[in-house]
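Take a look at the structure below.
The values are calculated or read from the model by the stated rules, or taken from the named source; none is laboratory data. Predicted, not measured: the structure shown is a model, and the values here were computed from it. We place every Cβ from the backbone using ideal geometry, glycine too, and count neighbours over all the protein chains shown. With ligands, DNA and RNA removed, areas are computed over all heavy atoms of the protein, side chains included. Shrake-Rupley method; radii C 1.70, N 1.55, O 1.52, S 1.80 Å.
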Amino acid sequence: MMNLSRSERLERLPFTKKLGKLLGTSGVGWALDAMDVGLISFIIAALAQEWGLDNTQKSWIISIGFVGMAIGASLGGLLADKIGRRSVFALTLLVYGLATGASALAGSVAVLLVFRFIVGLGLGAELPVASTLVSEFSPKKIRGRVIVWLEAFWALGWIMAALIGYFVVATSDNGWRWGFIIGAVPALYSLIIRIHTPESVRYLETKGKFEAAEKIVQDYEASAGEEFRYTGKSANTVAEYDAELAARHIDRDLSIWSPHLRKRTIALWVIWFAINFSYYGAFTWIPSLLTAQGFTLIKSFEFTLIITLAQIPGYAAAAWLIEKWGRRQTLAVFLAGSAAAAILYGLAGSEWQIIGAGMMLSFFNLGAWGALYAIGPELYPTNIRGTGTGSAAGFGRIASILTPLLTPVFVSAGGNVLAFGVFSIMFAIAASAVFFLPEQRGKAIV
């Protein structure tokens, strides 16, 4: 048998129970992350009535979390390349879970802002690190699909947030406090992540921990069956590992701004910025915009729950198409669909138009998110993969800081038509930037 690297041994495996367990464990963490992000939009709508918040205060409560997310995403990616994917993943869940629970004790806007910033630090770091970890275990033939499945857990989290909003937050004056208490679940779940999630094999090899890496690979091969049992040799010293890298033309000293990576980095940052701008501008404000249109709090939460359900078929479609059409075409089509849906939502007036356009926006936008998370980790080698995905996410969070502040301005100046028209333009910009990325379907990550 020809000698294979551990990365190549993982690439040849089918979808196994081991990979399914990693996907499920990471996916639950992802869903809890989404639950917290979604929950704040419902809590803001309730607090606006209880505390008499104006639009500026509501905007800052939303945006301060994204300030934390911008910092957290950049730092989380760097830490993931330094101390490991698993450790950072567990730490981020612990940080934002505890801070979310503490938010229930807030008695003023100032105190809530502090807690929401800390929540953002954890949330921002968790997503790019989780997608990087799962990518590094997924075989090349199904890697894109697996990451879209991971991102699909976001829909489950938003549905949980909508259910908590509808059945908990909206039912009493202190409902928002109970919503935050429920949001503290990730703090407990972080212990499960730390104990039961394996560290990335590729990361372990960069740190010279070949024995630990070998054991994990053997466990995954055993999970695939006897036919995948490997009897050849893989690198067991730093010198052998460096020789493997050289044979595959991989430079350990690369940065995300190296000449042949620069164009993809810029394109990825543009996409992240534009999709964050439109997504958070729309979905964090929809419950409040609906109440401003005269719908009751309960009714606006009901609409939002229905709209959120359309995320699930959006992810399913993206998961199927990403291995059929490829990464670029799938992402571009879903972003273009998001642009069209944003226009329709801005023009919507009746209940059925709001729900229909909202579901269309939810379908295309969340399918685009799934494809984007699949693309990011494939663009960079192992030693800078966390940095590459984290920095793009961090830059994108700048948009999510700005858009909650700008959305009320857009609505005041031109109503929903102007606000969602701007979101449509940003989706279109993101769709155009996609074609500056390389197509990575079926290619091994290095």
Check: So, with +1 on the Cβ of K and R and -1 on the Cβ of D and E, and no other charges, what is the size of the charge dipole of the chain about its Cα centre, to the nearest 20 debye?
Finding: 720
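Evaluate 2.2 N^0.38 Å with N set to the residue count of region 278-410, then give the Cα radius of gyration divided by it. Show your work: numbers first, answer last.
Working: Rg = 16.3 Å, N = 133, 2.2 N^0.38 = 14.1 Å.
Here the Cα radius of gyration is 1.15 times the empirical estimate.
Carbon and sulfur atoms: what percent of the 1.4 Å accessible area of region 276-428 do they account for? Write down the numbers at each step before the final one.
On the way: 3270 of 4420 Å².
Exposed carbon and sulfur together represent 74 percent of the surface.
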Next item on the list: Could you pull out the chymotrypsin sites (Phe, Trp or Tyr not before Pro) across region 229-320 that fall in loop regions by DSSP (anything but H, G, I, E, B) with no more than 14 other Cβ atoms inside 10 Å?
Entry: Trp257
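Given a 1.4 angstrom probe, I'd like the percentage of the accessible area of region 1-114 that is carbon and sulfur, rounded to a whole number. Don't skip to the answer; put the middle values down first.
Details: 2650 of 3970 Å².
The nonpolar share, carbon plus sulfur, comes to 67 percent.
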Check: Using θ = phi - 60° and the Karplus curve 6.51 cos²θ - 1.76 cosθ + 1.60, what whole-Hz ³J(HN,Hα) does each residue of region 207-222 get, with Gly and Pro shown as x?
Finding: 9, x, 9, 6, 5, 5, 4, 4, 4, 5, 4, 4, 4, 5, 5, 5
Check: Where is the GNM fluctuation largest for the chain (alpha-carbon springs, 10 angstrom cutoff): Ser278, Ser223, Ser172?
Finding: Ser172
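Over the chain, what is the relative contact order in percent, taking alpha-carbon pairs closer than 8 angstrom and at least six residues apart? Present the calculation step by step, with values, prior to reporting the outcome.
Numbers: 835 pairs, mean separation 121.6, N = 446.
Result for the chain is 27 percent.
So how much slack lies between Phe167 and Thr231, counting 0.36 nm per residue of separation and subtracting their Cα-Cα distance, in nm?
Working: separation 64, 0.36 × 64 = 23.04 nm, distance 5.61 nm.
Between Phe167 and Thr231, full extension yields 17.4 nm more.
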Next item on the list: Could you look at region 119-173 and say what percent of its accessible area is carbon and sulfur, using a 1.4 Å probe and all protein chains?
Entry: 67
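Considering only protein heavy atoms, what per residue accessible area in square angstrom results for region 225-325 with a 1.4 angstrom probe?
Ligands and nucleic acids excluded, the result is 45 Å² per residue.
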Margin query: What aspartates and glutamates does Lys209 reach when the alpha-carbon gap must be under 13 Å and sequence neighbours fewer than 8 apart in one chain are set aside?
Written below: Glu199, Glu240
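Grab the Cα-Cα distance for Ile192 and Ala413, subtract it from 0.36 nm times how many residues apart they are, and report the gain in nm with one decimal. If you can, show how the numbers build up before the last one.
Details: separation 221, 0.36 × 221 = 79.56 nm, distance 4.82 nm.
Taking 0.36 nm per residue and subtracting the Cα distance, the gain is 74.7 nm.
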Checklist line | Å² of accessible area per residue within region 365-446, as computed with a 1.4 Å probe and no ligands counted | finding: 29
Item checked: Sequence of Thr291, Thr403 from largest to smallest accessible area, 1.4 Å probe -> Thr291, Thr403
Check: Ranked from the most accessible area to the least, with a 1.4 Å probe and all protein chains present, what is the order of Phe210, Phe364?
Finding: Phe364, Phe210
Next item on the list: Along each of the three principal axes of the Cα atoms of the chain, give the extent in whole Å, ordering the values from largest to smallest.
Entry: 70, 42, 37
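Given the convex hull over the Cα atoms of region 341-446, what projected area results after averaging over all orientations, in nm²?
Details: hull surface 30.6 nm².
Directional mean of the projected Cα hull area for region 341-446 stands at 7.7 nm².
In deg cm²/dmol and to the nearest 500, what is the mean residue ellipticity at 222 nm of the chain if only DSSP H runs of at least 4 residues count, each as -39500 (n - 2.57), divided by the residue total? Don't skip to the end; give the middle numbers.
On the way: 18 runs with 348 residues, N = 446.
Mean residue ellipticity, 222 nm, calculated: -26500 deg cm²/dmol.
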Checklist line | Solvent-accessible area per residue, Å², over region 59-209 with all protein chains present [probe radius 1.4 Å] | finding: 34
Next item on the list: Specify whether the C-alpha gyration tensor of region 23-86 places it in the rounded, prolate or oblate class, a ≥ b ≥ c being the square roots of the eigenvalues: rounded for a/c under 1.5, otherwise prolate if a/b is larger than b/c and oblate if not.
Entry: oblate
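Using 0.36 nm per residue, how much length does the chain from Glu8 to Trp320 gain when fully extended, once their Cα-Cα distance is taken away?
In short, 109.9 nm is gained.
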Notebook entry, point to check: What's the local net charge at Ala319, with K and R +1, D and E -1, over the other residues with C-beta under 15 Å away?
Noted result: +4
Notebook entry, point to check: How much accessible surface does Met160 have with a 1.4 Å probe, in Å² rounded to 10?
Noted result: 70
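May I ask for the net charge around Ile307, where only other residues with Cβ less than 14 Å from the Cβ of Ile307 are counted and Lys, Arg are +1 while Asp, Glu are -1? Don't skip to the answer; put the middle values down first.
On the way: positive: Lys299; negative: Glu302, Glu351.
Surrounding charge for Ile307 is -1.
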